[in-house]
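Only one structure is covered here, and it is reproduced in the block below.
Laboratory data are not the source of any read-out in this text; all were calculated from the coordinates shown. Every value quoted in this text rests on a predicted model; they were computed, and no experiment measured them. Because the Cβ atoms are built from the backbone with ideal geometry, glycine has one as well, and the counts that use them run over all protein chains shown.
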Amino acid sequence: MNDLGNNLTVKLYNGIEINSIGYGTWRVNDGEAKNMVKTAIDLGYRHIDTASIYGNEQGVGEGIKNSGIDRKKLFVTSKVWTSERGYDKALYAFDKTLEKLNLEYLDLYLIHWPCAPHISSDYKRVNIDTWKALIKLYKDGRVRSIGVSNFLPKYLNDLMDLEYRPMVNQIEFHVGYRQEETLEFCKQNGICVEGWSPLGRGKVLSNVTLNEIALKYGKTPAQISIKWCLKNGVIPLPKSSDKNRMKSNLEVFDFELSTADFNALNSLNLGSSSGLHPDTFNR
Ligand code: A2P
């Protein structure tokens, strides 16, 4: 146990520490968020992931306040939605996000999805303008780190030579969907990878290989999935609305995955469980 919660921390390239497991709040509605986030913090989560599109920032903020925890001990992330792209709109979106969360600052602010050629022929400029807004927020001290989400290497490349490169890339990452090329690019460039839907929305948990491995370690398939993310150097953001599952999703630091089991899981190819891809995503 360290003073940032009962999971370990990793350092971003700017020296900021981030908890190695986060609580994902996608599909937790605003009403539920208040209780769920307080419960998560009570259980030991210190890293909370939300987004303006989730529509739950107010509830997340209330959960944080009600937990009574020292703000400095939390790592809070939110994201710029697709309709908030562009320099001025992103700055405005950030203000709204802070207001809803009722916080003074964020620990991490991400561009939720890249603008892409199927959306605009000017997509590179749109991504750069949005990124420049995040750089301003970072330099103004309103957010401790900045990054992107769902950026493939070809989209990341457009941001690499600006004043700051992304510190984080949050991508779909679960057993059977490892996104090797993006993972490798981020590793090479010191960009921390976070995994959304690390349980494949619950769909991959019935996989036979995963279950055989789980049985061997006396762990649940979800715990093996989370451990597998960590062993890949990825920060998983599991979501659960159930207190017992929320708790067990954190209990992954008392065993090691063998290289053979790790490799067996790495070689599974189940495809994306969300079916979402930056080259076709159009919301
Ligand atoms: P629930 O909220 O009822 O626990 P992901 O984080 O990959 O998007 O997956 C979220 C889904 O996985 C949710 O449906 C969630 O359901 C389920 N889930 C979360 N933790 C566990 C667990 N430990 N065991 C089984 N299912 C889980």
Between Ser241 and Ser267, the two model label points (7 Å from Cα along the beta-carbon direction) sit apart by a distance in nm of 3.9
Charge tally for neighbours of Tyr92 with beta carbon under 15 Å away, counting Lys, Arg as +1 and Asp, Glu as -1, is +1
What helix-only [θ] at 222 nm does the chain give? Using -39500 (n - 2.57) per DSSP H run of at least 4, over all residues, to the nearest 500, the answer is -11000 deg cm²/dmol
So, over other residues within a Cβ distance under 14 Å of Ser248, counting Lys, Arg +1 and Asp, Glu -1, the net charge is +3
Pseudo-spin-label distance Glu163 to Ser121, built 7 Å along Cα→Cβ, given in nm, is 3.1
PRE zone check, label point 7 Å out along Cα-to-Cβ of Glu104, amide N under 13 Å, scope region 63-80, hits 70-73
In Å, the Kirkwood hydrodynamic radius from C-alpha pairs for the chain sits at 18.9
Expressed in angstrom and rounded, the centroid-to-centroid distance over alpha carbons for region 207-242 and region 126-142 is 35
In whole percents, the bins of 10 Å from zero upward hold the Cα-Cα pairs of region 191-268 as 19, 58, 22, 1
For Lys203, counting only lysines whose alpha-carbon sits under 16 Å away and dropping same-chain residues fewer than eight positions off, the answer is Lys239
In the neighbourhood of Arg125 defined by beta carbon distances under 11 Å, the net charge of the other residues (Lys, Arg +1; Asp, Glu -1) is 0
